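K.L.:
Following this message is one structure expressed as structure tokens.
The values are calculated or read from the model by the stated rules, or taken from the named source; none is laboratory data. Please read these numbers as outputs of a predicted model, since none were measured by experiment. Quick reminder, even Gly has a Cβ in these numbers, built from the backbone with ideal geometry, and neighbours come from all protein chains shown. Note: areas computed on protein heavy atoms with side chains; ligands, DNA, RNA excluded. Shrake-Rupley method; radii C 1.70, N 1.55, O 1.52, S 1.80 Å.
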Amino acid sequence: QVQLLESGGGLVQAGGSLRLSCAASGSIFSINMGWYRQAPGKQRELVATFTSGGRTNYADSVKERFTISRDNAKNTVYLQMNSLKSEDTAVYYCKAVHLGRLYWGQGTQVTVSS
């Protein structure tokens, strides 16, 4: 099955930037990937998605600040996060759908200090 390896989280000051990476491994065909996050006391929510068809979706709270991109040859999706706010503090999870099956990464912590 598909495995997702996330990296790039850490501690950053408000206004700073981070780039998250999610690499998918396994026997992969036509995988779609995206990013979710879960803040303390809240439900997991969509951050950004980037499908193989090129359609992108962003949460209103991150539009114009976050950018999702991909390297198809490496089966890797990135999330460039700029102008970070304390409200962005959360565990960020990579999500993948492959052949109709749902996969989640282990999550990477992003903490924004103010």
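K.L.:
Is it the case that residue 30 is farther than 18 Å from residue 110 by Cβ, touching a Ser or Thr at 6+ places or on another chain (Cβ under 8 Å) and among the hydroxyl-bearing types (Ser, Thr, Tyr)? Don't jump to the end; show me each part of the working.
P.N.:
Working: farther than 18 Å from residue 110 by Cβ: yes; touching a Ser or Thr at 6+ places or on another chain (Cβ under 8 Å): yes; among the hydroxyl-bearing types (Ser, Thr, Tyr): yes.
Considered against the rule, which asks whether it is farther than 18 Å from residue 110 by Cβ, touching a Ser or Thr at 6+ places or on another chain (Cβ under 8 Å) and among the hydroxyl-bearing types (Ser, Thr, Tyr), residue 30 comes out as yes.
K.L.:
Now a separate question. Do we have residue 112 as hydrophobic (A, V, I, L, M, F, W, C), within 14 Å of residue 18 (Cβ to Cβ) and open to solvent by less than 70 Å² (accessible area, probe 1.4 Å) here? Step through it out loud before you land on a result.
P.N.:
Details: hydrophobic (A, V, I, L, M, F, W, C): yes; within 14 Å of residue 18 (Cβ to Cβ): yes; open to solvent by less than 70 Å² (accessible area, probe 1.4 Å): yes.
Criteria met by residue 112.
K.L.:
Residues of the stretch 19-53 being open to solvent by 30 Å² or more (accessible area, probe 1.4 Å), under 16 Å from residue 112 (Cα atoms) and of a type outside the set (S, T, N, Q), which ones?
P.N.:
The initial filter retains those residues of the stretch 19-53 that are open to solvent by 30 Å² or more (accessible area, probe 1.4 Å), namely 19, 23, 25-30, 32, 36, 38, 40-46, 50-53.
Next, only the ones that are under 16 Å from residue 112 (Cα atoms) stay: 19, 38, 40.
Within the stretch 19-53, 19, 40 qualify.
K.L.:
Moving to a separate point now. When the stretch 9-18 is examined, which residues are found to be in a loop (DSSP other than H, G, I, E, B) and open to solvent by 30 Å² or more (accessible area, probe 1.4 Å)? Steps first, answer last, please.
P.N.:
Going residue by residue through the stretch 9-18, those that are in a loop (DSSP other than H, G, I, E, B) are 9, 14-17.
Those that are in a loop (DSSP other than H, G, I, E, B) and open to solvent by 30 Å² or more (accessible area, probe 1.4 Å): 9, 14, 15, 17.
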